[in-house]
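Quick notes on the structure that follows.
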Amino acid sequence: MNQKFSVAGRNLNIPNSSAEIAEGKRLFISRGCTDCHGKDLAGVTFINDPAIGTFSGSNLTSGEGGISSSLEAKDFERAIRHGVGSDGRALLFMPATDFHLMTDEDLGRIIAFIKSSPPVDKKSVPIVVGPLGRFLYSIGKMPHLITAELINHDEKLPSKLTPEVSVAYGKYIATTCTGCHGEKLLGGSIPGAPPEWPLAQNITSQGIGKWSESEFIAAMRTGKRPNGTEMLPPMPWQNFSYMTDTELKSLRLYLISI
C-alpha cells in the first residue's frame, strides 16, 4: 500500500464559463463522485467496518482540511485517471478504473466544478484498512483497494467525444458501472464490499435484454425495474438519474450488445 508510481499527470484545459462548470457538476454527480466525496465535496465515510476498514472520500474543497487549493489540474488528473496522489503513492480505494478513459474535456469540466465549489472546513477522515481488508487484497479479492495497479498508465487517453446515441458512446459511459458490476458487467460480489451489501446484477443482454428503451430510462431515473421491484443500495440510480437521454440511450445500446 506504500508503493509509488511514476505518473507525471497532464495539465488539462480547465474551463471557467458557468455553463461548463454546471456541466462539470452534472458529471460529478452522475458519475458517482458524490458517493464518496459528498454533495458538498467535503467527504463522507462510505464504509466503516472494523474488519474491512474505514473508507472515506477526501475533502475536495479549498476550506480548512480540504485539498483543492494545494492541487493543480495535473494533480487532479493523476488522481482521477490513475489513482495516484501528488506524492506518487497509490490512492486507496480510489475508483480510477472507472474514470481512466474519461475524456480531457469531461475531466476538465469536473475539475472546474471542484475548483469553483464553496470551501468547507472539515478534516478528511484517514483511510484505515482492516485485517480482513488486507487479507482480501492479498488473495486478490479486493483488487480495487489499489486501482493504480490495474491501469495502463502509458495508454493514450481520449481528448474529446461527441455525445451521440451509439454503442460506442454507451461503452464510454459504461466504464462508470465496472466498479460494482465488474469489467465484463456480469455482476456478482462487489469487490471489498461489506457482507450485507447485495450482489451486483448482470447488466448485459442476459440481464436487461428484454427491457425497452423507455423501461431502462425509467429504471435509471426512479430506481424501479420494469417488474416493479426496487433497486437496492448501493445501486446509485439517484446519480444516474442526472444522465442525459443521449447517455442513457447509448448506455442501454451498449449493455444489450454484450
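The values are calculated or read from the model by the stated rules, or taken from the named source; none is laboratory data. Model, not experiment: these values are computed from the prediction. Positions of Cβ are backbone-derived with ideal geometry, glycine not excepted, and every protein chain shown enters the neighbour counts.
Could you tell me whether any residue of the stretch 114-130 is outside the structural domain of residue 176 (by TED's automatic domain parsing), aliphatic (A, V, I, L, M) and closer than 21 Å to residue 189 by Cα?
Yes, the stretch 114-130 contains a residue that is outside the structural domain of residue 176 (by TED's automatic domain parsing), aliphatic (A, V, I, L, M) and closer than 21 Å to residue 189 by Cα.
For the list (1) under 23 Å from residue 97 (Cα atoms); (2) surrounded by 23 or more Cβ atoms within 10 Å (Cβ to Cβ), I need the number of the one condition that residue 66 fails.
Exception for residue 66: condition (1).
Would you point out which residue out of 2, 13, 48 is surrounded by fewer than 19 Cβ atoms within 10 Å (Cβ to Cβ), over 14 Å from the mean Cα position of the chain (by Cα) and not in a loop (DSSP other than H, G, I, E, B)?
Going through 2, 13, 48 in turn, just one is surrounded by fewer than 19 Cβ atoms within 10 Å (Cβ to Cβ), over 14 Å from the mean Cα position of the chain (by Cα) and not in a loop (DSSP other than H, G, I, E, B): 48.
Take the conditions closer than 30 Å to residue 109 by Cα and surrounded by 19 or more Cβ atoms within 10 Å (Cβ to Cβ) and apply them to residue 173. Does it pass?
So residue 173 passes the test.
Mind counting the residues in the stretch 193-203 that are surrounded by 15 or more Cβ atoms within 10 Å (Cβ to Cβ) and either out of contact with any helix residue (DSSP H, G or I) (no Cβ under 6 Å at 6 or more places or on another chain) or not assigned by TED's automatic domain parsing to the domain that holds residue 245 (or both)?
Of the residues in that region, 3 qualify.
Look at the stretch 98-126 and say how many of its residues are modelled with pLDDT under 95 and of a type in the set (Val, Ile, Thr).
Looking only at that region, the number is 1.
Here is a yes/no grid of residues against (1) out of contact with any Cys (no Cβ under 9 Å at 6 or more places or on another chain); (2) under 22 Å from residue 138 (Cβ atoms):
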| position | (1), (2) |
| --- | --- |
| 5 | yes, yes |
| 43 | no, no |
| 61 | yes, no |
| 71 | yes, no |
| 92 | yes, yes |
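Would you be able to say whether some residue in the stretch 165-176 is part of a loop (DSSP other than H, G, I, E, B) and among the basic types (Lys, Arg)?
No, the stretch 165-176 has no match at all.
Pairs needed: first member in the stretch 120-134, crowded, with 18+ Cβ neighbours inside 10 Å; second member anywhere, part of a helix (DSSP H, G or I); C-beta distance under 8 Å; at least 6 residues apart or different chains.
Qualifying pairs under 8 Å: 129/137; 129/145; 133/145.
Collect the residues in the stretch 171-189 that are under 17 Å from the mean Cα position of the chain (by Cα) and either hydroxyl-bearing (Ser, Thr, Tyr) or outside the structural domain of residue 208 (by TED's automatic domain parsing) (or both), keeping them in residue-number order.
172, 175, 176, 178
For the stretch 160-168, indicate whether the set of residues that are surrounded by 15 or more Cβ atoms within 10 Å (Cβ to Cβ) and of a type in the set (S, T, N, Q) is non-empty.
For the stretch 160-168, residues surrounded by 15 or more Cβ atoms within 10 Å (Cβ to Cβ) and of a type in the set (S, T, N, Q): present.
Looking only at the stretch 193-223, which residues are touching a Lys or Arg at 6+ places or on another chain (Cβ under 8 Å) and in contact (Cβ under 8 Å) with a residue 40 or more places away in the chain?
If the condition is that a residue be touching a Lys or Arg at 6+ places or on another chain (Cβ under 8 Å) and in contact (Cβ under 8 Å) with a residue 40 or more places away in the chain, then 204, 208, 211 are the ones that fit.
Of the numbered conditions (1) of a type outside the set (Val, Ile, Thr); (2) surrounded by fewer than 13 Cβ atoms within 10 Å (Cβ to Cβ); (3) at pLDDT 95 or above, residue 224 fails exactly one; give the number of that condition.
(2)
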